[in-house]
Amino acid sequence: MSITKGIGSASLGFAAALIVAGQASAKSDFDYGPVFDTFGKHAHVEGVSFPENQTFKVAFDVAKAASPGEVNRKFESLARFINMHVANGVKQENLSLALVVHGSATEEVLKTANFKERKGLPNGNERLLVALMEKGVDVIVCGQSAAAHGVEKNALIDGVKMDLSAMTAHARLAQKRYSVNPF
């Protein structure tokens, strides 16, 4: 027996059109800005507000690399976090963010020349990481992962810091009252 039995084809077509239109308008609601105009798309959410002096101290943990040459979506999450909060009234200077990188993502903090030597493609993350650091994000690479992947400090993108380990970096950030973003 057909699922559409009893439903006119015009009604079914109209319902399908509404679903498709709803999906299209939801996707078009995502936009860049106000801080980054090529990274960190976000959607406006009605009814969300923050106190005038809202602050955030958040550490993001990234252990998995993207495909070579592509932007790591976990790195881009920091740009999205900044854009969506500033767009909703949080002062940019009240955002203290850190990116702790380890595991296979370690090579993604290499300068493009060094990354290209290893992977044969430019580092798709360098421009984003530089932009994040210019906005005050601390990018910290795990020294243990760097050693395991043969990454030397002088091969890192300018401004990337190295700590003894990712565990050490998170412990230091926790002492400064940073929460860890679980996403």
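Values as computed for the structure displayed
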quantity	calculated
Rounded Å value of the spacing that divides the Cα centres of the range 76-110 and the range 146-172	17 Å
Accessible surface of the range 30-183 [probe 1.4 Å, protein heavy atoms]: carbon and sulfur percent	51 percent
Pairs beyond 27 Å (Cα-Cα), from Lys57/Lys116; Lys41/Lys135; Lys119/Lys176	Lys57/Lys116; Lys119/Lys176
Gyration tensor verdict on the range 80-183 (Cα atoms; rounded if a/c is under 1.5, prolate if a/b is larger than b/c, oblate otherwise)	oblate
Net dipole in debye of the range 113-183 [+1 Lys, Arg Cβ; -1 Asp, Glu Cβ; about Cα centre; nearest 20]	160 debye
Paramagnetic reach from Lys153 (point 7 Å along Cα→Cβ, amide N under 15 Å) across the range 128-144	140-144
Within the range 52-153: Cβ-based charge dipole about Cα centre, in debye rounded to nearest 20 (Lys, Arg +1; Asp, Glu -1)	160 debye
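The values are calculated or read from the model by the stated rules, or taken from the named source; none is laboratory data. Nothing here was measured: the structure is a model prediction, and the numbers come from that model. We place every Cβ from the backbone using ideal geometry, glycine too, and count neighbours over all the protein chains shown. Ligands, DNA and RNA are excluded from the accessible area calculation, which covers all protein heavy atoms including side chains. Shrake-Rupley method; radii C 1.70, N 1.55, O 1.52, S 1.80 Å.
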